[in-house]
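Supplied in structure tokens, the structure appears directly below.
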Amino acid sequence: MARKLLLAVLTIAVLGVLAAGAVFLGLFERSVVAKDIEQPLSAEQMKTLAKRGAYVAVAADCYACHVTKGGAPWAGGLPFETPFGTIYSTNISPDKEHGIGAWTRAEFHRAVRDGVGKQGHLYPAMPYASYRKLTVEDVDAVYAFLMSREPMKVANKANHLPFPFNIRQGLAFWNLVNLSSDTKTEIAGRSAQWNRGRYLTDALAHCGECHTPRNLTMGMKDSAYLQGAELEGVVAPDITKAGLTRMGFDPLVFASFMKSGISAQGAMTNQMFEVVHFSTQYFTADDLAAMSAYLFDLDKLPERTTPPAAPQPVAVSADVAASARASYLAVCASCHGGEGQGIPHVVVPLATNASLRLADARNLNKVILSGIPAQRFPGLERMQPMPGFAAHLTDQQVADLSNWLRASWGGQQPTVTAEEVRKQR
Amino acid sequence: MTIAMKPLSLTINDKPVGPINVPETMMMQDFLFEYLDLTGSRMGCGQGICHACTVVLEKPDGSLEEMRTCITGAHWFAGRKVRTVEGQAKRDASGTITALSPVQQAFIEHFSFQCGYCTPGFVTGATVLLDQLKRNPVRREALEQVISEALDRHICRCTGYVRYFEAVRDLVLKTPGLVKA
């Protein structure tokens with residue numbers, strides 16, 4: 001009996017090891033790249049596609065990650081600090097030695113859509129889980145466009161990942177759990193505008209990579225699609241219809257915010273500043289409208305929209321109000337105004353600011369502590385630098401100020417504690 | 001609309017000031033100008049960029065910090081010690097200037113300024129820098145960088161930057177203890 005049990009356990013263990021081995025070797029990995037992609041594109045096709053590819057690459061925001069400030073174009077090198085170690089983006093200029101110059105059309109497709117590059121598995125910092133939904137035509141266009149760039153002789157930087165995360169083949173497990181073979185974004189019965197918006201949101205602009213929280217395996221948690229996630233100590237907000245409405249956006253204002261980076265709801269900061277800078281400011285009016293229509297779940301973006309009602313102020317204790325008002329008048333009011341109205345073209349308003357309306361106070365607290373550098377926006381707009389007040393306000397003063405601002409203008413409960421502020425310093 | 005007033009007391013240029021009833025929304029710059037007739041610190045941009053309006057904050061531990069008066073409320077300075085550009089030179093009992101501060105003297109000797117609008121801010125910034133170097137001397141090779149970092153934020157429309165820079169560098173080099181061997 002005991003021998004039989006032992007045999008059964010052993011069999012299960014061996015099968016388990018075999019299954020894991022099979023996954024590891026990629027036997028279960030399903031490529032979404034069809035056989036016909038092996039067929040190379042003609043020089044004529046490459047030339048025509050490259051033109052359109054410039055826009056597709058902008059909409060997919062490739063450049064933001066595949067360049068460093070002052071670095072060679074498309075040569076990569078941008079560090080990504082992940083919980084598992086540091087990963088560097090790679091050289092995707094057409095240099096034959098360091099870039100993708102020697103890559104075939106199919107190899108490029110497999111990297112972008114399957115997450116398997118010519119030299120092995122990619123890490124999901126490259127948003128291939130989203131790019132998997134790109135159309136063949138769009139991937140071809142980006143391929144042709146990249147191949148038309150100047151080759152950059154810049155070596156790739158080595159990642160700093162400890163064992164076992166340094167074994168690229170291990171990503172086969174992640175891919176098994178987190179990659180779907182269903183790559184269609186189109187939903188029958190919805191308008192072309194809505195569907196284009198969905199394609200932009202889910203495939204090209206890969207919004208969910210930051211705005212959808214991650215599950216235990218660090219894949220996008222489908223059940224909380226676009227409902228907001230933590231990112232480098234701040235919050236990538238909820239951008240569902242409910243979330244955008246809560247921040248004070250209506251569909252037209254939101255479309256214009258993605259173009260300009262500035263609205264009554266504030267100015268883009270953190271990583272979204274770069275998204276506007278490199279990508280969404282160049283969106284066509286149709287694509288901006290489509291993205292907004294999809295996120296607000298409208299089949300057609302209306303000609304006129306009305307902003308959602310301002311949130312009802314929440315009462316705070318007299319102590320908190322007194323402390324916060326003194327801080328506000330001392331260090332905020334000269335720029336943001338006595339009524340939180342800001343200065344047009346110079347300083348954002350606070351009374352209508354989206355950061356004050358988020359359930360999570362960390363974005364506001366971080367700005368109070370660390371400030372925001374001067375930022376240039378499309379259309380010659382420029383927001384002046386905001387100083388950080390970490391040295392001039394105590395944890396309690398920041399908590400009081402944050403609570404008072406959020407309660408008065410954001411309609412949020414005053415729940416921020418000095419301890420939470422201390423952790424953010 | 002009535003403007004809410006609040007009593008304010010502080011120390012300016014070693015002298016106790018107040019309590020004076022000051023609008024609670026008033027910026028320090030306006031308080032210095034309108035209530036105390038201390039018009040040395042300049043209103044430039046009014047939004048904390050040009051640093052012509054700065055004054056020295058003398059902290060309880062004796063160290064100095066530069067503060068922008070155009071964007072900092074007067075009441076933030078309640079109970080604190082401030083030195084404006086009027087309080088930099090030495091004066092006799094009658095209030096007559098007997099000696100400029102070392103920074104002021106260096107700026108004059110180097111012909112650092114033309115119109116002089118940014119000068120009070122540069123005097124303040126350089127004075128704070130010297131205080132910091134006294135506490136934390138720098139290596140000689142880092143000095144230029146340190147001066148740049150400390151004074152870059154001061155804007156001079158006559159573009160007198162080079163002479164301000166040279167004046168500060170020479171003063172640091174001839175003042176013992178600010179530069180490490």
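Every number in this text was worked out from the coordinates using simple rules, so none of it is lab data. Computed from a predicted structure; not experimentally measured. As a convention, Cβ positions derive from the backbone with ideal geometry for all residues, glycine included, and neighbour counts pool all protein chains shown.
When only DSSP loop residues count, what chymotrypsin sites (Phe, Trp or Tyr not before Pro) in segment B:93-133 have their Cβ near at most 16 other Cβ atoms within 10 Å?
Numbers: sites: B:PHE107, B:PHE111, B:PHE113, B:TYR117, B:PHE122; in loops: B:PHE111, B:PHE113, B:TYR117.
Counting only loop positions with at most 16 other Cβ atoms within 10 Å, the chymotrypsin sites (Phe, Trp or Tyr not before Pro) in segment B:93-133 are B:PHE111.
Same structure again: Sorted from fewest to most neighbouring beta carbons within 10 Å, what does the list A:LYS184, A:LYS133, B:LYS6 look like? Show your work: numbers first, answer last.
Numbers: A:LYS184 8, A:LYS133 21, B:LYS6 17.
Exposure proxy ranking, most exposed first: A:LYS184, B:LYS6, A:LYS133.
Quick one: what are the phi-derived ³J(HN,Hα) couplings along segment B:31-39, Karplus 6.51/-1.76/1.60 with θ = phi - 60°, whole Hz, x for glycine and proline?
4, 4, 6, 7, 9, 10, 6, 9, 9
What 222 nm value per residue comes from the helices of the protein assembly as shown, counting each DSSP H run with n ≥ 4 as -39,500 (n - 2.57) and dividing by all residues, nearest 500 deg cm²/dmol? Mind showing how you got there, number by number?
Values: 23 runs with 224 residues, N = 606.
Taking each H run of at least 4 residues, the total per residue is -10500 deg cm²/dmol.
Take segment A:318-424, drop everything but the C-alpha atoms, weight them equally and run the Debye formula without solvent; then report log10 I(q)/I(0) at 0.11, 0.19, 0.21 Å⁻¹ to two decimals.
At q = 0.11, 0.19, 0.21 Å⁻¹ the computed log10 ratios are -0.31, -0.94, -1.15.
Same structure again: Give me the net charge of A:THR417's neighbourhood, meaning all other residues with Cβ under 11 Å from the Cβ of A:THR417; Lys, Arg count +1, Asp, Glu -1. Let's see the in-between values first.
Numbers: positive: A:ARG422, A:LYS423; negative: A:ASP395, A:ASP400, A:GLU419, A:GLU420.
That sum, taken over residues with Cβ under 11 Å, equals -2.
With chain A treated as a Gaussian network of Cα nodes joined by springs under 10 Å, which of A:THR217, A:THR201, A:THR11 yields the largest mean-square fluctuation?
A:THR11
What's the long-distance tail for segment A:24-176, i.e. % of Cα pairs beyond 24 Å? Each step should come with its number before you reach the end.
Working: 3500 of 11628 pairs.
Tail fraction, whole percent: 30.
For B:PHE31, A:PHE84, what ranking results if the residue with the fewest other Cβ atoms within 10 Å of its Cβ goes first?
Ascending Cβ contact count within 10 Å gives the list A:PHE84, B:PHE31.
Shifting gears a bit: For segment A:15-119, which GluC sites (Glu not before Pro) pass both filters: DSSP loop (anything but H, G, I, E, B) and at most 15 other C-beta atoms within 10 Å?
Details: sites: A:GLU29, A:GLU38, A:GLU44, A:GLU81, A:GLU97, A:GLU107; in loops: A:GLU29, A:GLU97.
Those satisfying the criteria are A:GLU97.
Quick one: 3J(HN,Hα) in Hz for segment A:294-309, Karplus 6.51/-1.76/1.60 with θ = phi - 60°, rounded, Gly and Pro as x.
The phi angles translate into 5, 5, 8, 6, 10, 6, 9, 5, x, 5, 10, 9, 10, x, x, 4 Hz.
Could the peptides A:346-357, A:270-281, B:139-150, B:55-66 be put in order, highest first, of the mean number of other beta-carbon atoms found within 10 Å of their residues?
Details: A:346-357: 21.8, A:270-281: 18.4, B:139-150: 13.7, B:55-66: 15.8.
Top to bottom by mean Cβ count within 10 Å: A:346-357, A:270-281, B:55-66, B:139-150.
Then there's this: Convex hull over the alpha-carbon atoms of segment A:249-343: what's its volume per residue in Å³? Intermediate results must be reported in sequence, preceding the final value.
Numbers: hull volume 13.1 nm³, N = 95.
With only Cα atoms used, segment A:249-343 gives 138 Å³ per residue.
Once amide H atoms are placed 1.01 Å from N in the peptide plane, what residues at a sequence separation of 5 or more from B:VAL82, or on another chain, have their amide H within under 5 Å of its amide H?
Residues meeting the criterion, in which the H sits 1.01 Å from N, are B:THR11, B:ILE12, B:ASN13, B:ASP14, B:GLU58.
What does the average come to when, for each residue of peptide A:323-333, you count the partner chain Cβ atoms lying within 10 Å of its Cβ?
Numbers: counts 0, 0, 1, 6, 2, 2, 12, 11, 5, 2, 5.
Taking all residues of A:323-333 together, the mean is 4.
Just for the Cα atoms in chain B, what are the lengths along the principal axes, largest first, rounded to whole Å?
So the extents along the principal axes, rounded to whole Å, are 58, 33, 31.
Let me ask another. Hey, any idea what the orientation-averaged projected area of the convex hull of segment B:5-87's Cα atoms comes to, in nm²? Could the numbers behind the result be given before it?
Numbers: hull surface 19.2 nm².
Taking a quarter of the hull surface, the average projection is 4.8 nm².
What residues have an amide H closer than 5 Å to that of A:THR82, excluding those fewer than 5 places away on the same chain, when H is modeled at 1.01 Å from N in the peptide plane?
A:ILE87
Still on this model: Please provide three numbers in whole Å: the alpha-carbon extents of the protein assembly as shown along the principal axes, with the largest listed first.
102, 68, 59
With everything on Cα atoms, drop me the angle between helix A:136-147 and the longest principal axis of chain A, reported from 0 to 90° to the nearest 10.
Rounded to the nearest ten degrees, it is 90.
Could you line up A:TRP74, A:TRP174, A:TRP409 from fewest to most neighbouring Cβ atoms inside 10 Å?
Details: A:TRP74 25, A:TRP174 17, A:TRP409 20.
Ranking A:TRP74, A:TRP174, A:TRP409 by Cβ neighbours within 10 Å, fewest first, gives A:TRP174, A:TRP409, A:TRP74.
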